[in-house]
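What follows is calculated from the coordinates using simple rules that are stated; it is not laboratory data. What you see is a predicted model; the values in this text were computed from it and never measured. Ideal geometry is used to build each Cβ from the backbone, glycine not excepted, and the neighbour counts take in all protein chains shown.
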Amino acid sequence: MSAENHDIHTAYVSHISHITSFALALTVLEKEKNEKHIFDLASGGFSSTVRLAKSSADMWVPILSQNRENVVRVIDTYLRKMNDFRDAIATGDDSSVRELINEANRIKRIIR
């Protein structure tokens with residue numbers, strides 16, 4: 001794999017996972033002021049999802065900076081997908097929510 005292809009693919013497979021984890025942690029920390037509530041209510045899924053938010057800024061700032069163009073494109077795609085979920089949930093379009101989830105479930109064929 002060329003260095004260029006590596007940067008494109010790692011932005012989608014690795015970098016976005018870290019950015020998502022950082023953003024989720026920041027969201028929870030901003031909205032939930034009582035740390036005990038976070039501790040008491042955090043399930044395994046939440047813990048797994050924010051595990052990457054424990055990663056070092058010293059490591060990730062240079063990675064995100066050096067792969068800036070690809071990372072920004074990935075964030076744009078991610079935000080579009082988040083808005084698809086947001087809009088379907090906000091309008092009570094359960095059919096679209098189900099369709100989005102079923103489409104996402106295709107990842108099971110790749111990652112077991």
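Annotation: the residues 84, 58, sorted from fewest to most other C-beta atoms within 10 Å of their own C-beta, follow the order 58, 84.
Exposure proxy shown here: for 109, 73, the number of other Cβ atoms within 10 Å sets the order, fewest to most, as 109, 73. Where only DSSP H runs of four or more residues are counted, the chain gives -22500 deg cm²/dmol as its mean residue ellipticity at 222 nm, each run worth -39500 (n - 2.57). Using the Cβ-Cβ distance between residue 66 and residue 112 with R0 set to 30 Å, the FRET efficiency from 1/(1 + (r/R0)^6) comes to roughly 0.45. Only the Cβ atoms of Lys and Arg (+1) and of Asp and Glu (-1) were treated as charged; on that basis the dipole of the stretch 3-109 about its Cα centre amounts to roughly 240 debye. Taking each residue as 0.36 nm, the span from residue 85 to residue 9 lengthens on full extension beyond its C-alpha to C-alpha distance by 25.0 nm. In a Gaussian network model over the chain where Cα atoms closer than 10 Å are linked, find which of 50, 74, 61 has the largest mean-square fluctuation. Looking only at 50, 74, 61, the largest GNM fluctuation is found for 61.
First check a/c for the stretch 3-109, with a ≥ b ≥ c the square roots of the eigenvalues of its C-alpha gyration tensor; if it is under 1.5, answer rounded, and if not, answer prolate when a/b is larger than b/c or oblate otherwise. Judged from the Cα gyration tensor, the stretch 3-109 comes out oblate (a/c at least 1.5, b/c at or above a/b). When you count the other C-beta atoms within 10 angstrom of each residue and take the mean per peptide, 85-98, 9-22 line up highest first as 9-22, 85-98.
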